[in-house]
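These notes concern the structure reproduced below.
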Amino acid sequence: MSRGRCARTAGTGWYRPYKPADAPLGIGLVLPANALRGLRELGVLEDCLAAGFPFDRNRFCDPDGSPLVDVPSRIGVGDGLPSLAMHRADLHRVLLAAVDKAGVTIAYGTTVAELLPRDDGVHVRLTDGRVVTYALVLGFDGINSALRRHVTDAAGARPRQTGYATWRVAAPRVPEIRCGTLFLGIGNKAGLNPLNREEMYLFATTRERAGTRPDPQRLHEALRQRLAGYGGPVRAVLDALAGPEGIVYSPIEEVVLPVWYRGRVLVAGDAAHATAPQLTQGAAMAVEDAVVIARLLASGEPASAVPARFMARRRERCRYVQETSKRILLAEMATDPQSVAHRLDRIHQLPARTAAIDAVLSRPAW
């Protein structure tokens with residue numbers, strides 16, 4: 001939806017095939033300051049801040065909840081922007097209102113059946129039978145993108161499995177959870193993020209055999225088993241789980257493409273460069289992508305030139321996020337004796353290491 005709002009801001013006509021209106025939206029997410037810059041560009045920052053929970057640091061703790069180190073978030077220091085945690089449903093609501101106000105047409109339950117590239121544009125046959133022509137087709141359709149196969153071969157279109165997964169479930173917020181709060185175990189990680197004044201969500205990263213999924217009717221039991229070594233507020237959330245309802249389990253997958261476009265068909269966001277969640281940059285990269293595309297369109301750039309210009313502008317930044325996130329994921333999940341022996345040293349180095357990463361991400365994205 002960010003891209004639809006940006007396209008209207010750029011003065012470009014827009015039609016948005018979309019999944020059904022009642023499709024599940026997930027639990028929560030964290031929007032770092034660079035994501036908030038993009039939301040400010042869209043004119044929705046204040047609505048997002050009102051719906052979520054802003055914070056300026058992450059707290060790292062032992063599995064029992066004992067604090068080890070606080071790590072300030074420095075991406076937004078230059079313009080006074082925090083990090084923001086919020087319900088995905090609330091972000092969806094804010095963006096949908098902005099898209100509606102901008103006059104973007106959304107066709108729920110309608111998707112692309114066929115693309116026919118032509119010199120003057122792309123003929124698109126939709127699943128409702130209509131055929132329309134566009135100067136540019138943008139696929140921000142997520143990690144399981146249907147449009148990605150139009151820019152790469154079948155093998156390249158499949159996400160790469162990492163052998164790890166994330167778990168999320170909402171819970172009533174306890175007063176001590178006022179920022180991103182992470183609990184570092186051996187070979188797994190748990191965390192609690194505030195969503196608003198009343199709610200928070202538990203998230204966890206665990207090692208999982210690629211291609212397998214826990215029994216959906218026993219997710220609560222599986223999550224408790226994987227986080228058996230945790231105490232404190234994590235244990236309280238786990239003990240309160242009465243069943244599998246509300247638990248979202250997602251394999252951590254990556255998308256790495258040699259190119260993001262073919263002709264006038266371009267994929268972006270998770271469809272082009274999905275990443276591990278360790279830097280909480282997935283949504284931020286998608287918002288930045290949308291703003292960059294809108295600015296290219298508003299500049300008078302020919303639509304046929306936008307895909308190459310966009311990829312040249314965005315590729316290195318997105319690659320940095322992917323590679324850094326993957327490196328952190330592997331370090332957090334390591335169980336070899338040397339990694340375990342130096343675990344506390346690495347934790348106490350986090351402020352300096354995070355400051356270096358934030359310095360890169362604080363650079364202008366457009």
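The values are calculated or read from the model by the stated rules, or taken from the named source; none is laboratory data. Keep in mind the model is a prediction, meaning the values are calculated, not measured. Note: ideal-geometry Cβ built from the backbone for every residue, glycine included; neighbour counts use all protein chains shown.
Going by the conditions given, is LEU84 closer than 30 Å to GLY246 by Cα and not in a strand (DSSP E or B)? Against the criterion (closer than 30 Å to GLY246 by Cα and not in a strand (DSSP E or B)), LEU84 does not qualify. Only residues that are touching a residue at least 12 places away in the same chain (Cβ under 8 Å) and either loosely packed, with under 10 Cβ neighbours inside 10 Å or of a type in the set (A, V, I, L, M) (or both) were counted in the range 332-362, giving 11. Just one of (1) at pLDDT 95 or above; (2) surrounded by fewer than 19 Cβ atoms within 10 Å (Cβ to Cβ) fails for PHE183. It is (2). Within the range 252-264, being over 28 Å from THR212 (Cα atoms) and crowded, with 23+ Cβ neighbours inside 10 Å holds for TRP260, TYR261.
Per-residue answers, yes or no, for (1) within 18 Å of the chain's Cα centre (by Cα); (2) outside any strand (DSSP E or B):
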site	(1), (2)
ALA50	no, yes
ARG59	no, no
ASP70	no, no
ALA89	yes, yes
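Considering the range 12-42, the residues that are modelled with pLDDT under 85 and among the charged types (D, E, K, R) include one that is farthest from ILE247 (Cα to Cα), namely ARG16.
For the range 117-152, which residues satisfy the criterion of being surrounded by 14 or more Cβ atoms within 10 Å (Cβ to Cβ), without any contact (Cβ under 8 Å) to a residue 24 or more places away in the chain and either aromatic (Phe, Trp, Tyr) or in a strand (DSSP E or B) (or both)? Matches in the range 117-152: HIS123, VAL124, ARG125. Output yes when any residue across the range 293-311 is within 25 Å of ALA165 (Cα to Cα) and within 23 Å of the chain's Cα centre (by Cα), and no when none is. There is no residue in the range 293-311 that is within 25 Å of ALA165 (Cα to Cα) and within 23 Å of the chain's Cα centre (by Cα). Among residues of the range 203-250 being under 19 Å from TYR164 (Cα atoms) and of a type in the set (Asp, Glu), the one that is surrounded by the most Cβ atoms within 10 Å (Cβ to Cβ) is GLU208.
Residues in the range 304-331 that are more than 25 Å from ALA274 (Cβ to Cβ) and in contact (Cβ under 8 Å) with a residue 12 or more places away in the chain: 1 in all.
Within the range 295-315, identify whether any single residue is within 24 Å of ILE186 (Cα to Cα) and among the polar types (S, T, N, Q), and answer yes or no. No - not one qualifying residue is present in the range 295-315. Restricting attention to the range 91-116, the residues being without any contact (Cβ under 8 Å) to a residue 60 or more places away in the chain and over 20 Å from SER145 (Cβ atoms) number 5.
Looking only at residues of the range 36-48 that are of a type outside the set (A, V, I, L, M) and under 18 Å from the mean Cα position of the chain (by Cα), we find that the one that is surrounded by the most Cβ atoms within 10 Å (Cβ to Cβ) is GLY38. May I ask you to verify whether GLU199 is modelled with pLDDT of 95 or more, acidic (Asp, Glu) and out of contact with any helix residue (DSSP H, G or I) (no Cβ under 8 Å at 6 or more places or on another chain)? In short, yes. Restricting to the range 153-180, and then to whatever is of a type in the set (Ser, Thr, Tyr) and over 30 Å from ARG262 (Cα atoms), can you tell me which residue is surrounded by the fewest Cβ atoms within 10 Å (Cβ to Cβ)? Looking at residues that are of a type in the set (Ser, Thr, Tyr) and over 30 Å from ARG262 (Cα atoms), I get THR166. Residues in the range 218-243 that are in contact with a Gly (Cβ under 7 Å, 6 or more places away or on another chain) and outside any helix (DSSP H, G or I): GLY229, TYR230, GLY231.
Could you list, in sequence order, the residues of the range 140-171 that are under 21 Å from the mean Cα position of the chain (by Cα) and acidic (Asp, Glu)? The one that is under 21 Å from the mean Cα position of the chain (by Cα) and acidic (Asp, Glu): ASP141. Quickly run through the range 153-177 and pick out the residues that are in contact with a helix residue (DSSP H, G or I) (Cβ under 8 Å, 6 or more places away or on another chain) and part of a loop (DSSP other than H, G, I, E, B). Passing the criteria: VAL174, GLU176, ILE177.
Screening the candidates ARG5, ARG59 for the property of being under 25 Å from LEU279 (Cβ atoms) and at pLDDT below 95 yields one hit, ARG5.
Output the number of residues of the range 91-109 satisfying the condition of being assigned to a strand (DSSP E or B), in contact with a Phe, Trp or Tyr (Cβ under 6 Å, 6 or more places away or on another chain) and either within 17 Å of ALA50 (Cβ to Cβ) or of a type outside the set (Ser, Thr, Tyr) (or both). Summing the residues that are assigned to a strand (DSSP E or B), in contact with a Phe, Trp or Tyr (Cβ under 6 Å, 6 or more places away or on another chain) and either within 17 Å of ALA50 (Cβ to Cβ) or of a type outside the set (Ser, Thr, Tyr) (or both) in the range 91-109 gives 1.
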